[in-house]
Amino acid sequence: GAGVSQSPRYKVAKRGQDVALRCDPISGHVSLFWYQQALGQGPEFLTYFQNEAQLDKSGLPSDRFFAERPEGSVSTLKIQRTQQEDSAVYLCASSSDREWNQPQHFGDGTRLSIL
Amino acid sequence: AQSVTQPDIHITVSEGASLELRCNYSYGATPYLFWYVQSPGQGLQLLLKYFSGDTLVQGIKGFEAEFKRSQSSFNLRKPSVHWSDAAEYFCAVGAQGNTGKLIFGQGTTLQVKP
């Protein structure tokens, strides 16, 4: 497809389980971002990749959150030992460059619910 | 610290009426400013952006925004709202360091009355 693809669209997990969220960026896009959007809030930055290098992970809320992009294309956001406060929509965005004149294209997100 | 404030959580306008959504930012230097729209269950779509130059920027779907440095504002406007404009609107500022990281406001929900 032409856009950013995220899977699954919905994920329900029990507290304490590990989850993995996938992002397929637009082909050729070197920059990839993960954001967390709590209910009724704006997205909050989690982490940023330039190709396979994770250049900024300052937004990851705890060491239970881990992201990777091993081949510089698909990225996975993993959350270990999930907690109820992890319930949110996780958005992925990609850009052809990190320069501001290149817009970020967002996927439809993964809605994560922790029971 | 950088921040974005959208003072209006919820706005209702009649179809055909004009619209203005407010956005105030906190940033030391010249900001990179953006407006995004999000429909239910969808990702964010870029409406317009301001980097420099002309302070009135035109975007998609008939939207425009005006950068006012003296007021630290970047308000979004549309002369005549359509029912399909009902959505969540987010203002964002590009974080320092040119990493592409965006800092978003809380969002404004727009409801359009027939």
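The set of residues in the range A:31-75 being in contact (Cβ under 8 Å) with a residue 12 or more places away in the chain and touching a Ser or Thr at 6+ places or on another chain (Cβ under 7 Å) consists of A:SER31, A:LEU32, A:TRP34, A:TYR48, A:PHE49, A:GLN50, A:GLN54, A:GLY59, A:LEU60, A:ALA67, A:GLU68, A:ARG69. Just to be sure I understand the filter: pairs with C-beta atoms under 6 Å, separated by 6 or more residues or on different chains, first member in the range B:7-25 and open to solvent by less than 40 Å² (accessible area, probe 1.4 Å), second member among the hydroxyl-bearing types (Ser, Thr, Tyr) and part of a loop (DSSP other than H, G, I, E, B). Which pairs pass? Within 6 Å, the pairs are B:TYR25/B:SER72.
Applying a threshold of 6 Å to beta carbon distances and a minimum spacing of six or more residues, or different chains, the list of pairs starting in the range A:81-98 at a residue that is charged (D, E, K, R) and ending at one that is at pLDDT 95 or above reads A:ARG81/A:GLY16; A:ARG81/A:ARG64; A:ASP86/A:ILE79; A:ASP86/A:ILE114.
So which residues in the range B:23-70 are among the hydroxyl-bearing types (Ser, Thr, Tyr) and either over 16 Å from B:GLN6 (Cα atoms) or in contact with a helix residue (DSSP H, G or I) (Cβ under 9 Å, 6 or more places away or on another chain) (or both)? Quick ask: steps written out before the conclusion?
If we filter the range B:23-70 for residues that are among the hydroxyl-bearing types (Ser, Thr, Tyr), which is where we start, we get B:25-27, B:30, B:32, B:36, B:39, B:50, B:52, B:55, B:70.
Residues satisfying the conditions are B:THR30, B:TYR32, B:SER39, B:TYR50, B:SER52, B:THR55, B:SER70.
For the range A:3-89, give me every one of the strands (runs of 3 or more DSSP E) that falls completely inside it and has 3 or more residues that are open to solvent by less than 20 Å² (accessible area, probe 1.4 Å) and in contact with a strand residue (DSSP E or B) (Cβ under 6 Å, 6 or more places away or on another chain). Spell out the reasoning first.
Values: elements: A:5-7, A:10-13, A:19-24, A:31-37, A:44-50, A:53-56, A:65-68, A:75-79.
Hits in the range A:3-89: A:19-24, A:31-37, A:44-50, A:75-79.
The values are calculated or read from the model by the stated rules, or taken from the named source; none is laboratory data. Quick caveat, the model's predicted, so the values are computed rather than measured. Cβ atoms come from the backbone with ideal geometry, glycine included; neighbour counts cover every protein chain shown. Areas reflect the complete protein model, heavy atoms only, side chains present, ligands, DNA and RNA absent. Shrake-Rupley method; radii C 1.70, N 1.55, O 1.52, S 1.80 Å.
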